[in-house]
1. For the range 184-205, how many residues are hydroxyl-bearing (S, T, Y) and without any contact (Cβ under 8 Å) to a residue 24 or more places away in the chain?
2. Whether any residue in the range 80-103 is surrounded by 14 or more Cβ atoms within 10 Å (Cβ to Cβ) and within 20 Å of L10 (Cβ to Cβ) is what I want to check.
3. Looking at the range 91-113, is at least one residue under 16 Å from the mean Cα position of the chain (by Cα), in contact (Cβ under 8 Å) with a residue 12 or more places away in the chain and not in a loop (DSSP other than H, G, I, E, B)?
4. Could you tell me whether any residue of the range 48-58 is among the charged types (D, E, K, R) and not assigned by TED's automatic domain parsing to the domain that holds E185?
5. Quickly run through the range 160-180 and pick out the residues that are without any contact (Cβ under 8 Å) to a residue 12 or more places away in the chain and either part of a helix (DSSP H, G or I) or on the phi < 0 side of the Ramachandran plot (or both).
6. What number goes with the only condition from (1) surrounded by 16 or more Cβ atoms within 10 Å (Cβ to Cβ); (2) polar (S, T, N, Q); (3) farther than 14 Å from Y183 by Cβ that N122 does not pass?
7. Return the total of residues in the range 182-195 being surrounded by fewer than 18 Cβ atoms within 10 Å (Cβ to Cβ), of a type outside the set (D, E, K, R) and part of a helix (DSSP H, G or I).
8. Does L173 count as under 10 Å from the mean Cα position of the chain (by Cα) and closer than 23 Å to D94 by Cβ?
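The values are calculated or read from the model by the stated rules, or taken from the named source; none is laboratory data. Being a predicted model, the structure only gives us computed values, none of them experimental. Note that each Cβ is placed from the backbone with ideal geometry, even for glycine, and that neighbours are counted across all protein chains shown.
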Amino acid sequence: MKTENKQHQLKMQQYQLLHEWMSGLSNLEYDVIDKSTIYDYVGYLISQNPTEWWTNYETHLANTFKLSNGSYWANNGKHQEFADKVEKLIPIRDSVIKHLPYSLEPKQSFKPLLECFRVYSNIYYDLYNNGGTNKYDRREVPNELYGDYSWEYYWRDDTDEEVVDTIDKYLKLPESKSLKYNYQEEVEAYYDGGRSAANRYYIERVGDLLLEKLQEAYKSENAHLLERFVGVE
C-alpha cells in the first residue's frame, strides 16, 4: 500500500468503525506480532493508507448488505425518524414543485430537496415492492447484427429520470455510487432473476445523504412554517 503523509483522512466515527472491522480480519499477519499489540498494529496499517482501507471496508459493507442492517424499507434507516417526518410534508398527489432549478445549491430552499426526496421515495418503494419494473422498463428491439432481438431499458417517466440525475449531481456522486447507476443495475438484474446487495447498499446510502441535506435545509429555514407545508405550486 502507498503511504500518505496525513495520519488519517477519516472522521473519528469512520476511524473507529474501520479499526473494529480490521481488528477482526483473519488475513492480517497477526502471527508476527504479540496479540496484545494488535490494536496498535491495526492503527498503524490504517495510517499508511486510510482512503484505501476505507474503500475496502465500504466494499465489504456493500457486498454483505442486508435490509436488517439498516434500511428505510425495514423502517430502521439511518435517518428513519426524520424520513417519517418529511414524508408527511409531501402532497398525496403530484409534485412538490413543478420544475426543479437547473442546479441545486446548499442554501437553496427546502422545496426542491423535498421534491427530490419525493421522487427518491417513489422509485425506492417500487424497487422493493415491484423490483422497480413500474419505473424502469424494458422492451425487445431488433438486433440487426445477429438477426434476433435484444433488450432495451428505459425510464417510463422522463421526469423521474431527470430528478434522479439532479440528485446524483447535487450529491456529487461518482457513477459507481450514484442513484441512477445502481437503480438501473438493480432493476435490470431483477428482470433476469437476480439481486445485488451492493446496488441496494448504495441506493440506501443515497437516501441517507439526501436526508442529511434535507435536515440542513429544515434547520436553516422556519421549521414551524414547514410543519404546515401543504399544496403544490
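1. Final tally of qualifying residues: 1.
2. Within the range 80-103 (the criterion being surrounded by 14 or more Cβ atoms within 10 Å (Cβ to Cβ) and within 20 Å of L10 (Cβ to Cβ)), the answer is no, since none of the residues qualifies.
3. Taking every residue of the range 91-113 in turn, at least one turns out to be under 16 Å from the mean Cα position of the chain (by Cα), in contact (Cβ under 8 Å) with a residue 12 or more places away in the chain and not in a loop (DSSP other than H, G, I, E, B).
4. yes
5. P174, E175
6. (3)
7. Residues that pass the stated criteria total 2.
8. no
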